[in-house]
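Worksheet for the structure shown next.
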Amino acid sequence: MTNPLKLSIPEGTPFIDFTREFDFPVAAVFEAHRDPALVAQWLGPYGLKMEIETYDFRTGGSYKYTHSNESGTYGFNGVFHTVRENEFAIQTFEYDGQPDVVAMDYMRFEALEGDRCRLVGHSVYPTVEARDGMAASGMEGGITEGYERLDTLLSTR
């Protein structure tokens with residue numbers, strides 16, 4: 001079963017919030033965010049190839065990767081500021097298509113009854129205009145498709 005993405009983009013604020021439930025335990029969802037071999041299988045929309053240059057999901061680690069298809073290449077990078085296993089992560093997020101705009105992303109992994117997980121995210125942008133640019137970039141579809149891909153990956157493990 002695919003659970004819906006709940007996205008909130010409050011007018012006049014530089015924030016994007018999301019919630020997504022998974023029918024899998026917190027440890028499985030967290031591991032899929034930590035292990036670069038797994039990340040490469042689900043992160044991003046359908047039809048994009050992911051190439052990871054570096055991905056070190058730990059406090060003080062960093063990441064750099066690209067997504068590509070026949071239309072182009074899209075690069076992303078950031079730093080993992082705080083990672084607490086099966087609980088929490090804070091990271092920066094920078095998209096090459098929006099240079100000089102760095103978001104601060106917070107993710108909470110919450111255990112639910114029935115060995116399920118809720119992922120709660122909060123992204124802070126430097127300006128409302130920067131947030132609006134990200135919201136207009138197709139990120140909602142990318143997040144939705146990525147988490148559908150994550151559901152599929154976890155169902156086969």
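Working only within the stretch 5-34, note down all residues that are assigned to a loop (DSSP other than H, G, I, E, B), in contact (Cβ under 8 Å) with a residue 12 or more places away in the chain and of a type outside the set (S, T, N, Q).
Let us first name the residues in the stretch 5-34 that are assigned to a loop (DSSP other than H, G, I, E, B), namely 5, 9-14, 23-25.
Now drop any that are not in contact (Cβ under 8 Å) with a residue 12 or more places away in the chain, which leaves 5, 9, 12-14, 23-25.
Scanning the stretch 5-34 gives LEU5, ILE9, GLY12, PRO14, ASP23, PHE24, PRO25.
Find the residue count for the stretch 27-48, including only residues that are surrounded by 19 or more Cβ atoms within 10 Å (Cβ to Cβ) and touching an Asp or Glu at 6+ places or on another chain (Cβ under 7 Å).
Number satisfying all stated conditions: 1.
Which residues, counting only those in the stretch 125-157, are within 25 Å of THR59 (Cα to Cα), crowded, with 17+ Cβ neighbours inside 10 Å and either of a type outside the set (Phe, Trp, Tyr) or modelled with pLDDT under 95 (or both)?
Of the stretch 125-157, the ones within 25 Å of THR59 (Cα to Cα) are 125-126, 143, 146-147, 150, 154.
Adding the requirement that they be crowded, with 17+ Cβ neighbours inside 10 Å leaves 125, 143, 146-147, 150, 154.
Of everything in the stretch 125-157, those that are within 25 Å of THR59 (Cα to Cα), crowded, with 17+ Cβ neighbours inside 10 Å and either of a type outside the set (Phe, Trp, Tyr) or modelled with pLDDT under 95 (or both) turn out to be ILE143, GLY146, LEU150, LEU154.
Does the stretch 49-60 contain at least one residue that is of a type in the set (Gly, Ala, Ser), in contact with a strand residue (DSSP E or B) (Cβ under 6 Å, 6 or more places away or on another chain) and surrounded by fewer than 17 Cβ atoms within 10 Å (Cβ to Cβ)? I'd like the intermediate steps shown before the answer.
Within the stretch 49-60, the first condition is being of a type in the set (Gly, Ala, Ser), and the residues that meet it are 60.
When the remaining residues are screened for being in contact with a strand residue (DSSP E or B) (Cβ under 6 Å, 6 or more places away or on another chain), the result is none.
Within the stretch 49-60, not a single residue is of a type in the set (Gly, Ala, Ser), in contact with a strand residue (DSSP E or B) (Cβ under 6 Å, 6 or more places away or on another chain) and surrounded by fewer than 17 Cβ atoms within 10 Å (Cβ to Cβ).
Could you grab me the full set of residues in the stretch 35-52 that are in a helix (DSSP H, G or I), among the aliphatic types (A, V, I, L, M) and touching a residue at least 12 places away in the same chain (Cβ under 8 Å)? Please lay out each step first, then the result.
From the stretch 35-52, those in a helix (DSSP H, G or I) are 36-42; that's our starting set.
Keeping just the survivors that are among the aliphatic types (A, V, I, L, M) gives 37-40.
Once the filter is applied, which keeps residues that are in a helix (DSSP H, G or I), among the aliphatic types (A, V, I, L, M) and touching a residue at least 12 places away in the same chain (Cβ under 8 Å), the stretch 35-52 yields LEU38, VAL39, ALA40.
Mind counting the residues in the stretch 2-26 that are surrounded by 13 or more Cβ atoms within 10 Å (Cβ to Cβ) and on the phi > 0 side of the Ramachandran plot?
So the count comes out to 0.
Would you say VAL83 is closer than 19 Å to MET134 by Cβ and modelled with pLDDT of 95 or more?
In short, no.
Tell me yes or no: at least one residue of the stretch 48-58 is more than 22 Å from ILE9 (Cβ to Cβ) and either of a type in the set (Lys, Arg) or within 12 Å of the chain's Cα centre (by Cα) (or both). Full working, then the answer.
Keep residues of the stretch 48-58 that are more than 22 Å from ILE9 (Cβ to Cβ), which gives 48-58.
Checking the rest, the ones that are also either of a type in the set (Lys, Arg) or within 12 Å of the chain's Cα centre (by Cα) (or both) come to 49, 58.
Yes.
Note down all Cβ pairs under 6 Å where the first residue falls in the stretch 128-152 and is farther than 15 Å from LEU43 by Cβ, the second is at pLDDT 95 or above and not hydrophobic (A, V, I, L, M, F, W, C), and they're at least six residues apart or on different chains.
So the pair list comes out as VAL128/PRO14; ARG131/PRO14; ARG131/TYR125.
GLU113 versus (1) touching a residue at least 40 places away in the same chain (Cβ under 8 Å); (2) more than 16 Å from PHE30 (Cα to Cα): which is the lone unmet condition?
Looking at each condition in turn, GLU113 falls short on (1).
Working carefully through the options VAL120, VAL124, find the one that is among the β-branched types (Val, Ile, Thr), within 12 Å of the chain's Cα centre (by Cα) and at negative phi. Before the answer, list the steps.
Working: VAL124 fails: within 12 Å of the chain's Cα centre (by Cα).
Sole residue among the options that is among the β-branched types (Val, Ile, Thr), within 12 Å of the chain's Cα centre (by Cα) and at negative phi: VAL120.
(1) over 12 Å from the mean Cα position of the chain (by Cα); (2) closer than 24 Å to GLU53 by Cα: which one isn't true of ARG131, the others all being true?
Here ARG131 clears every test but (2).
The values are calculated or read from the model by the stated rules, or taken from the named source; none is laboratory data. Remember, it's a predicted structure, so these values are computed and weren't measured experimentally. For neighbour counting, all protein chains shown are included, and Cβ atoms are generated from backbone atoms with ideal geometry for every residue, glycine included.
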